[in-house]
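Everything below concerns the one structure shown next.
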Amino acid sequence: MAHINLENDFPGIRGPMAFSPATAKPLNDLAEVLLRSENSLSRGERELIAAYVSSLNDCFFCQHVHGGLAQHYLECDSAFIDAVKKDYMDTNISDKMKALLWIAEKVQQGGKNVTAEQIDAAKITGATDKEIHDTVLIAAAFCMFNRYVDGLSTWAPEDKNYYIERAKQRAEQGYAGYDASK
């Protein structure tokens, strides 16, 4: 049960967003820009960063929602997403994505943990300044989203298939204008 009466029984971030539509709108607009706007990083890669950071934060709901979306966009299976979350260095992702996930990992630990060495490593693999910027912002934003979900002690469906089955619908609808009550 959530720490406060959210006046609904929606899972994860949907509960607090339905409770506070005024804050839900800018949060969803931010997610839309970060995860779905035109970008040289694919939607799948950006969702993978969100899922990875959420797994580092141990946010069950967010890591599975965004893992399901990454799986949808990347056309892979959940075992691949789980492997990336467990040890991205030992997975079949590009060196650029490995470098960007390394940066995201450091942002999750604290922004000042990102080093010039990590930025240089990302640039050597072909990451642009915009991709590095977006990785840092996705990681920082998901620390906030994860703390919002878990700070209110929202509930989350335990069946991973719930997230996989909803991924296509979320991919089609996006985040902007999202109605948490549906």
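Per residue, how large is the accessible surface of the chain? Use a 1.4 angstrom probe and give square angstrom.
Details: 9030 Å² over 182 residues.
Each residue of the chain exposes 50 Å² on average to a 1.4 Å probe.
Could you give the size of the charge dipole of the chain about its Cα centre, using +1 on the Cβ of each K and R and -1 on the Cβ of each D and E, expressed in debye and rounded to the nearest 20?
Working: 19 positive and 26 negative charges, 54 e Å.
For the chain, the charge dipole is close to 260 debye.
On the Cα set of the stretch 77-139, report Rg and Dmax in Å, please.
Expressed in Å, the Cα Rg and Dmax of the stretch 77-139 come to 11.5, 34.
For the chain, list the cysteines whose Cβ sits under 4.7 Å from no other cysteine Cβ?
That list is Cys76, Cys143.
Cross-link partners among lysines for Lys123, C-alpha distance below 17 Å, same-chain residues fewer than 8 apart left out?
Those lysines meeting the cut-off are Lys96, Lys98, Lys106.
Leaving ligands, DNA and RNA out of it, work out the accessible area of Arg147 with a 1.4 Å probe and give it in Å² to the nearest 10.
Its heavy atoms expose roughly 130 Å² to the probe.
At 7 Å along the Cα-to-beta-carbon direction for both Asn92 and Val33, put a label point, then send me their distance in nm to one decimal.
3.7 nm
With runs of 4+ DSSP H residues as the only contributors, calculate the mean residue ellipticity of the chain at 222 nm using -39,500 (n - 2.57) per run, divided by the residue total and rounded to the nearest 500. Walk me through the numbers before you get to the answer.
Details: 9 runs with 122 residues, N = 182.
Dividing the helical sum by the residues of the chain leaves -21500 deg cm²/dmol.
Which of Cys143, Cys59, Cys76 moves most in a GNM of the chain, Cα contacts under 10 Å?
Per the Cα network of the chain with a 10 Å cutoff, Cys76 tops the list.
With equal scatterers on the alpha carbons only and no solvent term, can you work out the Debye log10 of I(q)/I(0) for the stretch 1-109 at 0.21, 0.22, 0.23 1/Å?
These q points yield log10 I(q)/I(0) values of -1.16, -1.23, -1.30.
For all pairs of alpha-carbon atoms in the chain, what percent lies in each bin of width 5 Å, listed from the first bin to the last filled one?
1, 9, 17, 22, 22, 15, 8, 4, 1, 0
Where does the stretch 7-70 land on the Kirkwood hydrodynamic radius, alpha-carbon pairs, in angstrom? Mind showing how you got there, number by number?
On the way: mean 1/r = 0.0803 Å⁻¹.
Evaluated over the stretch 7-70, this radius sits at 12.5 Å.
Could you please put Glu45, Glu165, Glu158 in sequence from largest to smallest accessible area, using a 1.4 Å probe? Before the final figure, lay out each step's value.
On the way: Glu45 40, Glu165 140, Glu158 160 Å².
So, going from the largest accessible area down, we get Glu158, Glu165, Glu45.
Tell me the carbon and sulfur percent of the accessible area for the chain, rounded to whole percent, probe radius 1.4 Å.
Numbers: 4790 of 9030 Å².
Ligands and nucleic acids excluded, carbon and sulfur reach 53 percent.
The values are calculated or read from the model by the stated rules, or taken from the named source; none is laboratory data. In this text the structure is predicted, and so the values were computed from the model without any measurement. Cβ atoms come from the backbone with ideal geometry, glycine included; neighbour counts cover every protein chain shown. With ligands, DNA and RNA removed, areas are computed over all heavy atoms of the protein, side chains included. Shrake-Rupley method; radii C 1.70, N 1.55, O 1.52, S 1.80 Å.
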